[in-house]
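Reviewing the structure listed below.
The values are calculated or read from the model by the stated rules, or taken from the named source; none is laboratory data. A quick note: this is a predicted structure, and the numbers were derived from the prediction, not measured. Positions of Cβ are generated from backbone atoms using ideal geometry, with glycine treated the same way; all protein chains shown enter the neighbour counts.
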């Protein structure tokens with residue numbers, strides 16, 4: 001780890017540890033990478049992976065604005081993201097409808113030694129199937 005990752009445990013590149021992860025039946029990738037960067041006070045997370053059928057899949061970058069307020073999700077004006085940092089090594093994000101109901105949420109927790117991160121996500125996929133996954137990521 002370099003000085004930046006010691007000062008900010010999320011920054012950098014993470015590699016999916018498939019053996020330590022638990023996937024939903026409809027979400028079982030072959031592999032993946034995740035990169036956390038800073039954009040001012042916000043985090044931006046970019047993720048890509050290889051689907052079970054071998055296709056490369058890139059997720060839309062996710063911005064974590066850590067003020068606890070609702071921020072519209074650009075292409076989805078009926079949805080808003082609410083993100084917080086409950087501790088220096090934990091992020092929590094929710095996607096909510098206009099009525100306040102939660103569509104999806106995720107928690108990202110970096111281990112005490114900074115070498116791994118556990119991400120737990122629940123929500124609905126593009127086919128409106130409910131999912132829950134717990135993934136473990138090793139610092140790359």
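Counting the residues of segment 84-140 that are loosely packed, with under 12 Cβ neighbours inside 10 Å, out of contact with any strand residue (DSSP E or B) (no Cβ under 7 Å at 6 or more places or on another chain) and not in a strand (DSSP E or B) gives 9. Answer with yes or no whether residue 20 is closer than 22 Å to residue 115 by Cα, modelled with pLDDT of 95 or more and more than 15 Å from the chain's Cα centre (by Cα). So residue 20 passes the test. Which residues, taken from segment 34-55, are part of a strand (DSSP E or B) and out of contact with any strand residue (DSSP E or B) (no Cβ under 6 Å at 6 or more places or on another chain)? Selection gives 38, 39.
Which one of 55, 60, 115 is without any contact (Cβ under 8 Å) to a residue 24 or more places away in the chain and under 20 Å from residue 134 (Cα atoms)? Only one candidate qualifies: 60.
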